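See structure below.
The values are calculated or read from the model by the stated rules, or taken from the named source; none is laboratory data. Worth saying up front: this structure is predicted, and the values here are computed from it rather than measured. Here the Cβ positions follow ideal geometry from the backbone for every residue, glycine too, while neighbour counts run over all protein chains shown.
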Amino acid sequence: MTTKRELTCRGLLIGTLITLIFTAANIYLGLKIGMTIASSIPAAIISMSILRALSHSHILENNIVQTQASASAAISFVFATLPAFIIMGHWQTFPFWPVFLATAAGGVAGVIFTVPLRHALIRRPDLPFPEGVACAEVLEAGFSHHSGRALRLLSIATLLSAIFTVLTSGTKWLASGFILARPLGRAIFCLQGAYSTALLGVGYLIGLRGGLAMLLGVAIAWLMAVPILSAHMMRLPDDLPIFDVATQIWAEKVRFIGAGAIAIAAIWTLVQLAPGVISGLRALASRRDEARPAAEEQDLPLKYLVLSSLIVAVALFGSFFNFLPGHGPMSVMLALGSVFLCLILSFLVAASCGYMAGLIGSSSSPISGIMIIAIIAICLLLRLAEASPFLRAHLTAANQSMIIAFTLFILTSLTASAAISNDNLQDLKTGQILGATPWKQQVALIIGCIVGAVVTPPILNLLHQAYGFLGESLVATSAAPPLAAPQATLMLSLARGIMLGRMDWTMFSIGAGIGLAMILLENFSKGKAYALPALAIGMGIYLPPDVSVTIAFGSLVAFLCVKWRSRRNQGTDAQGQTLIACGFIVGESLTGIILAITNVSAPSLLQHMPVPGPWVRQWLGGLAFLAAAFWMASLKSGADKMP
């Protein structure tokens, strides 16, 4: 009988290296477009090629590597809050220890709080865990004779995406997108798209329904809301191009419509899922412990969970206490209350996100909407605390900027917890299919959280120095445009609006009304082709338009691929196209990190290269982007016979 190699030193080392790389790539991608890539499948393929070259490799060892590396996509989601501290001027750089402690503690809490949910959720027939099942299929296929071709496809797509990114974002020889802006009277109509292989890959993986929903959100924002608001402005600025005027209207007004739509859609999702979460917890509470459970049923022992929870609580208290300006009794009380609040919300978020991940997958789970609900809840609780006689002197109008920053700091830990819990059960489902040991996966994921938290501050500082963030007062001097950091900007806007009493509840309420209407339409047309997810529509409203338009184009490519496969005897290669989409995403993300290093270490290297004229760049960029899409769409399944 062959011994199963599972939690090994070499596997943890490989997983650590992949986690470092993918965390950096995901932070860059998140700051650019507000989304991350799923790391499990690319990490599984990369580690597969390494482990198979070594002796006595086993599929379960490969599973541990992908489990650890999957933390990179989750822990890097703190990009949704941390840039806000720079934008608001609270920090000039990202300090290591506050960022590390908040990120690591939140991530480990996400692992701990999903452990008791494993028995309740993993084996439920109504929870398909799509990404966990897909990763298990990739791992099983990887130990067959077809793994060489899979790695070649991923490598080629990554290389092509990297070259394309250098030509668009580095040398500027190709245009990075298009902008169409036309006034009709006083109303401004705009449309924008990006020549981005990463967004093309994201759109392919999301599918047609999600892409069309985001495109509908773009239409609501840029073909309805922006024109209406611009037409009612007293006077359009003369010193700004019309697209910049439209962008300002969208950032200051229309984005709150998207926030309202996302919030109401997320609440509805949680209401729908609440009975399943409650029944799962009841099933767990009534379950009798086995005297000697099989290896496939062994979680982290209860004593280690309790010890880990205490360590997390201490780390959170230390980070919260040191974040506050004073270190008196009021700071202790506020820090303790924040730890208590953070742990309770973390458990609720873990239960909700774990169930949603099983139902619709990690990538489609509405973490952004849950964050919006969380920041509103935290801010409203702090506003109530201002009326308390114990904290009234501490929470004064004079230090509202500090309190706003503190709410975002609490949200950072909640964000890490939500993202990790969203990912953890997906990994445990993969392990359940393969016969892995749960506690070993949980240990690997905790290590992945810590490794990702270690690299997060330096990567954020590197990207900030290279690009800067849109909206901060001191933007980097790089020729490259500043990173939009859309999620962080939205969280900061919500926190400021609520804490300073300037929340645009009108726009938020309009968005909530739109979200409610879309929910009713979605439920009325459930099962029909035109049923679009309300949450994705809200995302389309508040994400930059070039992101949503290009993702929608990628989803259209996926739809055409399905049609092509159904009409041909020798169809296209679905698995190969998925690998190409992953390669596109990984290639652009990693190249963005390399370009960031170049912009910091040798800023003149790329800035003084000759650039073609704008129309030449536009045509070359568009044609190259379409060529990449055509190559992915036309990949033949007959290629499976390649050696």
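Select from segment 168-196 the residues that are among the hydrophobic types (A, V, I, L, M, F, W, C) and buried (at least 19 other Cβ atoms within 10 Å of the Cβ) and list them in ascending order. Reasoning before the result, please.
Step one: list which residues in segment 168-196 are among the hydrophobic types (A, V, I, L, M, F, W, C), which gives 173-175, 178-181, 184, 187-191, 194.
Answer for segment 168-196, where residues must be among the hydrophobic types (A, V, I, L, M, F, W, C) and buried (at least 19 other Cβ atoms within 10 Å of the Cβ): Leu174, Ala175, Ile188, Cys190, Ala194.
Quick one: count up the residues across segment 321-335 that are part of a helix (DSSP H, G or I) and within 29 Å of the chain's Cα centre (by Cα).
Applying the first criterion (part of a helix (DSSP H, G or I)) to segment 321-335 yields 321-323, 329-335.
Applying the additional criterion that residues be within 29 Å of the chain's Cα centre (by Cα) yields 321-323, 335.
Matching residues across segment 321-335 total 4.
Only one of the numbered conditions (1) modelled with pLDDT of 70 or more; (2) β-branched (Val, Ile, Thr); (3) over 27 Å from Met402 (Cβ atoms) is not met by Thr269, and that is (1). Evaluate the following for Asn461: is it among the polar types (S, T, N, Q), within 30 Å of Leu382 (Cβ to Cβ) and in contact with a Lys or Arg (Cβ under 9 Å, 6 or more places away or on another chain)? Spelling it out, it is not the case that Asn461 is among the polar types (S, T, N, Q), within 30 Å of Leu382 (Cβ to Cβ) and in contact with a Lys or Arg (Cβ under 9 Å, 6 or more places away or on another chain). Every condition in (1) aliphatic (A, V, I, L, M); (2) closer than 24 Å to Leu180 by Cβ; (3) at pLDDT 80 or above; (4) under 26 Å from the mean Cα position of the chain (by Cα) holds for Met224 except the one numbered (4).
Conditions tested, residue by residue: (1) more than 17 Å from Thr415 (Cβ to Cβ); (2) surrounded by fewer than 20 Cβ atoms within 10 Å (Cβ to Cβ).
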position: Ala53; (1), (2): yes, yes
position: His58; (1), (2): yes, yes
position: Val65; (1), (2): yes, no
position: Ile75; (1), (2): no, no
position: Pro95; (1), (2): yes, yes
position: Thr103; (1), (2): no, no
position: Ile112; (1), (2): no, no
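Considering only residues that are under 13 Å from Ser70 (Cα atoms) and at pLDDT below 75, which ones fall in segment 44-58? Hit for segment 44-58 is Ile45, nothing else.
No other residue among Ser319, Ser230, Ser338, Ser308 is farther than 24 Å from Cys353 by Cβ and at pLDDT 80 or above apart from Ser230.
Among the conditions (1) of a type outside the set (Phe, Trp, Tyr); (2) within 23 Å of Gly613 (Cβ to Cβ); (3) within 23 Å of the chain's Cα centre (by Cα), Gly207 misses just one, which is (2). For segment 61-98: of the residues being closer than 30 Å to Pro42 by Cβ and part of a loop (DSSP other than H, G, I, E, B), which is nearest to the chain's Cα centre (by Cα)? Per the criteria, the residue is Thr81. When Phe77, Phe100 are checked against the criterion of being under 25 Å from Thr456 (Cα atoms), at pLDDT below 85 and of a type in the set (Phe, Trp, Tyr), Phe77 stands alone in meeting it.
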